[in-house]
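Asker: Submitted below is the structure of interest, expressed as structure tokens.
The values are calculated or read from the model by the stated rules, or taken from the named source; none is laboratory data. Quick caveat, the model's predicted, so the values are computed rather than measured. Quick reminder, even Gly has a Cβ in these numbers, built from the backbone with ideal geometry, and neighbours come from all protein chains shown.
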């Protein structure tokens, strides 16, 4: 009986389970998302066909071609399943296209099938390349759009007034699009906007007055434009604003006054950027105004002469930017008390700060990540930031004393720049503890002595080490061979006594090696493999005691010194990425060095990435110049002066078609100057003085620009510009013709050389023009799109 009852219950349970499965199946079928509409699928495929897929069309390192998987037949042909396509779950209409960073190259015209997708609510085409085309007026057909992101799409021209017809827009981002002209007043009709980003364009005219109509804005950025004038009175109406960026708007008709009380209505404002423009902040010392509680406050280059008193009431700051002002005197004691629990980044560089009032042993901000104090007049001992610090720069000050060992507790440190001070004593041995996190170490131009510590381990992240212009002694530590990420090593102007560090040749990324003005000695020798110093572009061994022959085998293997792509002028630098909990940004840290060019020692704070240079001057090298000297044919500078080299000048030097400066003076070279050197049409500096050369000086082209000083001290030379005639004729033998005049990589540098004099035809010797550029100016001008602060929360695709 029990078995029958059990069987009956089991059968009833299975029947109920089957019924439940049927109900669930029917229910699922009833809500299944409909397929994409054929006409919209066709429109998308035609839109795809109007573009090329180009990996260089997007800058995001995670970019990929989302449209590549779109297809018209077979499995996966339903456009609602396509990557980047969003459909309405009830109607099947395409309501969203999310194609940011999709490697699209081409343009969109008014007949584009994109504009037939009239149900679109969200359109994100940012970080693609639309080839400097203009936004078509057809965009107004997408009347249901709520979100439109076009940032970084390489548009051009003016923003069409028809954009004002998109009355449903709540978010509009057209930053970094190269737009010019006036911002159309029709944007004032977009009264539902909560997010508006016009930054990094070339908009001109007055600051748009229609902003007063956009009272629902929570985010507004006008950063980096060319507005000429205007008023900020409309700010009082923006009571919902949380983020306001007005920095770098290049006002050119006089400063716009801004009273603090204008912000008193903006109770929700957390981020305010006014840096680098001609806004004049009035009454900034008043503490009576009821101001918002800022999280980010940017007042760089706002003509401040003292620390604003109202900061004493700001206890929620995360980022404070006061750099490039005229603030003088000591940092007041109360500064150590503001936002103690929240401050993560403090920028005070480029002021006239003289010291610290009652500075604690370790600065008090427990969450500090970035501390910038460079280019002031700070005196006293080196302050130690909190252990959480990631970037610490106090360069170009007057700090003295030893580097405290407490600094080794900063185990998250990525950038440490103490250069240009009066620091003394030895470099702490505990620097090894920083090796895993540290990317940039700059102790240049101090009074440091003693040995170089063992700074690298197998986990080292160091990319740039500059210890030059100190009094460091001993040998280069072998541990540097563990710095597998190292790109620049600058040890010039010290007292290092060692042989050539051939073991650094295994570093796969080393581009710059500067060992000038030390006590290195011995022969350089030959590489053990064909891959040593494979990325080296600049080597300076001048003013040492090296002997033996020139390193002919190395010259054969330095492949990175061959002709490089010179289409775009960039600089050798480390692109540092920084994050604090609410913000992330990139900041380029350019490599710098001191080198001799055109017979003059100069400081180069920016190094163009096309600069390829070899300086082996002022040593005791002997023997002949090897024919392999013509192998690194991307060379711009070659200096072999002040050695004991003999023999002829090799004709292979004519292979160096980009050479701008050649110095072979103060040697024992003989025979004639090769006529083939006339082919060097970029040669601006040439010195073979004080050798034993004979015969006629080549004539024509760049040789017509050289003075007699280039040839003095060679009694056997004749011809112009010397007064000695060659036989019965002043004419030298005919110049060999060249089918490569100007070289295969010829390009127009004239725009770069404005103001640098007429001595050079092309560019790396513009370096002297660059030497006065300060790091902050470089970042502000060339790196501004990479250094803007952005909140890490990505804009949502809200419906």
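Asker: Looking only at the range 305-331, count every residue that is surrounded by 14 or more Cβ atoms within 10 Å (Cβ to Cβ) and under 15 Å from residue 377 (Cα atoms) and tell me the total. Don't jump to the end; show me each part of the working.
Answerer: To start, the set of residues in the range 305-331 that are surrounded by 14 or more Cβ atoms within 10 Å (Cβ to Cβ) comprises 307-312, 314-325, 327, 329-331.
Of the ones still in play, those that are also under 15 Å from residue 377 (Cα atoms) are 323-325, 327, 329-331.
Qualifying residue count for the region: 7.
Asker: Please return the ranges of strands (runs of 3 or more DSSP E) entirely within the range 94-136 where 3 or more residues are closer than 13 Å to residue 67 by Cβ. So that I can check it myself, show each step before the final result.
Answerer: Values: elements: 94-98, 104-106, 122-124.
In the range 94-136, 104-106 are the strands (runs of 3 or more DSSP E) which contain 3 or more residues that are closer than 13 Å to residue 67 by Cβ.
Asker: Taking only pairs six or more apart or across chains, which ones have beta-carbon atoms under 7 Å, a first residue in the range 116-144 that is outside the structural domain of residue 65 (by TED's automatic domain parsing), and a second residue that is at pLDDT 95 or above?
Answerer: none
Asker: May I ask you to verify whether residue 187 is in the same structural domain as residue 135 (by TED's automatic domain parsing) and at pLDDT 95 or above? Reasoning before the result, please.
Answerer: On the way: in the same structural domain as residue 135 (by TED's automatic domain parsing): yes; at pLDDT 95 or above: yes.
Considered against the rule, which asks whether it is in the same structural domain as residue 135 (by TED's automatic domain parsing) and at pLDDT 95 or above, residue 187 comes out as yes.
Asker: Quick one: would you say residue 616 is surrounded by fewer than 24 Cβ atoms within 10 Å (Cβ to Cβ), closer than 22 Å to residue 512 by Cβ, modelled with pLDDT of 95 or more and in contact with a strand residue (DSSP E or B) (Cβ under 6 Å, 6 or more places away or on another chain)? I'd like the intermediate steps shown before the answer.
Answerer: On the way: surrounded by fewer than 24 Cβ atoms within 10 Å (Cβ to Cβ): yes; closer than 22 Å to residue 512 by Cβ: yes; modelled with pLDDT of 95 or more: yes; in contact with a strand residue (DSSP E or B) (Cβ under 6 Å, 6 or more places away or on another chain): no.
In short, no.
Asker: Right, here's the next one. Yes or no: residue 529 over 23 Å from residue 454 (Cα atoms), at pLDDT below 95 and more than 23 Å from the chain's Cα centre (by Cα)? Break it down stepwise before answering.
Answerer: On the way: over 23 Å from residue 454 (Cα atoms): yes; at pLDDT below 95: yes; more than 23 Å from the chain's Cα centre (by Cα): yes.
Criteria met by residue 529.
Asker: Scan the range 358-373 and give yes if some residue there is at pLDDT below 95, under 15 Å from residue 441 (Cα atoms), touching a strand residue (DSSP E or B) at 6+ places or on another chain (Cβ under 7 Å) and part of a loop (DSSP other than H, G, I, E, B), otherwise no.
Answerer: no
Asker: Does the range 90-100 include one or more residues that are out of contact with any helix residue (DSSP H, G or I) (no Cβ under 8 Å at 6 or more places or on another chain) and on the phi > 0 side of the Ramachandran plot?
Answerer: Looking for residues that are out of contact with any helix residue (DSSP H, G or I) (no Cβ under 8 Å at 6 or more places or on another chain) and on the phi > 0 side of the Ramachandran plot, one finds none in the range 90-100, hence no.
Asker: Here is a further query. Would you be able to say whether some residue in the range 302-311 is at positive phi and at pLDDT below 90?
Answerer: To start, the set of residues in the range 302-311 that are at positive phi comprises 303.
Then keep just the ones that are at pLDDT below 90; that gives 303.
Scanning the range 302-311, I find at least one residue that is at positive phi and at pLDDT below 90, so the answer is yes.
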